[in-house]
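Everything on this sheet refers to the single structure shown next.
The values are calculated or read from the model by the stated rules, or taken from the named source; none is laboratory data. Only a predicted model underlies this, so the values are computations on that prediction, with no experimental measurement involved. In this analysis, Cβ positions are derived from the backbone assuming ideal geometry, glycine residues included, and neighbour counts consider all displayed protein chains.
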Amino acid sequence: MPAEIKGLNEECGVFGVFGADHASQLTYMGLHALQHRGQEGAGIVTSNHERLFQHRDRGLLSKVFADPAELDLLQGDRAIGHVRYGTAGRNSVENVQPFLFRFHDGDTALAHNGNLVNAVSLKRELEDEGAVFQSDSDTEILIHLIRHYIKEDGFIPALKKSLNRVKGGFAFLLLQKDRLIAALDPNGFRPLCIGQMDNGAYVVTSETCALDIVGAKFIRDVQPGELLIIDQDGLHEDHYTEDTQLAVCSMEYIYFARPDSIIHGVTVHTARKRMGKLLAQEHPIDGDIVIGVPNSSLSAASGYAEEIGLPYEMGLVKSQYVARTFIQPTQELRERSVQMKLAAVRGVVEGKRVIVVDDSIVRGTTSKQLIQMLRRAGAKEIHMVIASPPFKFPCFYGIDVSTRAELMAAHYSVEEMCQIIGADSLNFLSVPGLIKAIDMPDAGDAPYGGLTVAYFNGDYPTPLYDYEEGYRKSLSEQERKELI
């Protein structure tokens, strides 16, 4: 059994379109808007009514499709695409999606954002029954389950049975020659929305920012447990389960989604700005200026400054040509990457009491480096405020958020963390403050305002299946008692 998630990676992004000329080009544009969700690999599969065409490779989207001819070879008016950050499986071309499976009764392409928490058990079961896996990604499990059930049922009934077997976080897109299918997990952990273009073509994608770039009008969010089928006759709405409970990943609002995206009626920038405002109410600091850590913390920093009545300044500058630091494999490389990525503006921070707003602290590497950088630039005091609660527990639903051993807040008090990173003070937004800041209008009576906040309080909305044993072992005796 896997002990815990390894590393600190993001999720993935999916994009699908049905009924549009130049579907491969539109999918490329949509994936470009989702590039922040995955930078390890990219791929597109299209259909021209008769057969499916595929191109995929490792690297950024612009590298994978550096030759424009690759897009031209992807024929058809329907397509699905994927940008990848691996939360399960190695970074090899075999794991780059969409996967394309060729069967005697019809080809199927598959793309997935999320992580299946019972993947190890299911894969072992399927292999014992004769299944041969071409990748080590958990995504491939779904197609093997479908092939298992399709012997007795048609494709859609087999898909429904399969979706009820897989557990965890998933937003699936499937493409066949005559239809596009979308399915979301019963908790809606991962965002997925549907839109429509002026010519009637449907678009299904991870974030609304990808709808905007192709000129599609937002229709609605895909709901937990929902199954959408798009074919020549239009959009067909169905469900594979009625046992649902909305629990959107709160990290989408805190960090992962683009600020201009709208998830379940909440603009991400607005939520982040409210996080900053509530953070200022909970932890007002006596300082001279407020600065944000580019880029995901800028909205929260502006909210904090506005609420507390201090100038909001650009005290840190980010190089736009350096990859995100958490993808570096060693601590030394992560530290060097922080120095490559960010620089302090001496003329802004020198001699000032600086309030630094960041979105989260995971390992503490970036925070420690930032504070050292600001002190070298002459900051008189450095007070760090975090627009989310302390990150104490891993995510098992599609964000590779480190082993628990690496989570700083899992092992140290806030006071100890403050000393380690070298700040003059350190404060975090509360869980109720986070829920209030996001304020999802369609949460209904769902716990925690329809959010997953397990990373902060350990209250996971589902069983952890294959991860349960390792996770429990990672907890201290005191924490185990508190969670019982």
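Once segment 175-200 is narrowed to residues that are of a type outside the set (D, E, K, R) and touching a Pro at 6+ places or on another chain (Cβ under 9 Å), the residue that is surrounded by the most Cβ atoms within 10 Å (Cβ to Cβ) is F189.
Checking each residue in segment 375-389 for being surrounded by fewer than 24 Cβ atoms within 10 Å (Cβ to Cβ) and within 29 Å of P461 (Cα to Cα) picks out only P389.
Once segment 140-194 is narrowed to residues that are among the hydrophobic types (A, V, I, L, M, F, W, C) and assigned to a loop (DSSP other than H, G, I, E, B), the residue that is modelled with the lowest pLDDT is I150. Number of residues in segment 436-479 that are assigned to a loop (DSSP other than H, G, I, E, B) and surrounded by fewer than 18 Cβ atoms within 10 Å (Cβ to Cβ) equals 10. Of the numbered criteria (1) without any contact (Cβ under 8 Å) to a residue 40 or more places away in the chain; (2) out of contact with any Lys or Arg (no Cβ under 8 Å at 6 or more places or on another chain), the one I141 fails is (2).
Does any residue of segment 40-49 turn out to be surrounded by fewer than 18 Cβ atoms within 10 Å (Cβ to Cβ) and either assigned by TED's automatic domain parsing to the domain that holds F189 or touching a His at 6+ places or on another chain (Cβ under 7 Å) (or both)? Within segment 40-49, one or more residues are surrounded by fewer than 18 Cβ atoms within 10 Å (Cβ to Cβ) and either assigned by TED's automatic domain parsing to the domain that holds F189 or touching a His at 6+ places or on another chain (Cβ under 7 Å) (or both). Restricting I285, I213, I230 to residues that are hydrophobic (A, V, I, L, M, F, W, C), touching a strand residue (DSSP E or B) at 6+ places or on another chain (Cβ under 6 Å) and either assigned by TED's automatic domain parsing to the domain that holds H36 or in a strand (DSSP E or B) (or both) narrows the list to I230. For segment 31-38, the criterion of being crowded, with 23+ Cβ neighbours inside 10 Å, in contact with a Pro (Cβ under 6 Å, 6 or more places away or on another chain) and assigned by TED's automatic domain parsing to the domain that holds I213 is met by no residue.
Here is a yes/no grid of residues against (1) assigned to a loop (DSSP other than H, G, I, E, B); (2) touching a residue at least 60 places away in the same chain (Cβ under 8 Å):
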position	(1), (2)
V45	no, yes
E50	yes, yes
R56	no, no
S62	no, no
D67	yes, no
E70	no, no
L74	yes, no
H82	no, yes
Q97	yes, yes
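Number of residues in segment 23-41 that are part of a loop (DSSP other than H, G, I, E, B) and modelled with pLDDT of 95 or more equals 1. Filtered by the rule that a residue be in a helix (DSSP H, G or I) and closer than 20 Å to I254 by Cα, segment 288-319 gives L298, S299, A300, A301, S302, G303, Y304, A305, E306, E307.
Can you name every residue in segment 337-374 that is surrounded by fewer than 17 Cβ atoms within 10 Å (Cβ to Cβ), part of a helix (DSSP H, G or I) and at pLDDT 95 or above? Scanning segment 337-374 gives R346, G347.
Within segment 375-390, how many residues turn out to be in a strand (DSSP E or B) and in contact with a Phe, Trp or Tyr (Cβ under 6 Å, 6 or more places away or on another chain)? Final tally of qualifying residues: 1.
None of S402, S388 is under 25 Å from the mean Cα position of the chain (by Cα), modelled with pLDDT of 95 or more and among the small types (G, A, S) except S388.
None of D243, D198 is part of a loop (DSSP other than H, G, I, E, B) and free of Cβ contacts under 8 Å to residues at least 24 places away in the same chain except D198. Considering the conditions (1) in contact (Cβ under 8 Å) with a residue 60 or more places away in the chain; (2) over 24 Å from P186 (Cβ atoms); (3) not in a loop (DSSP other than H, G, I, E, B), S121 is excluded by exactly one of them, (2).
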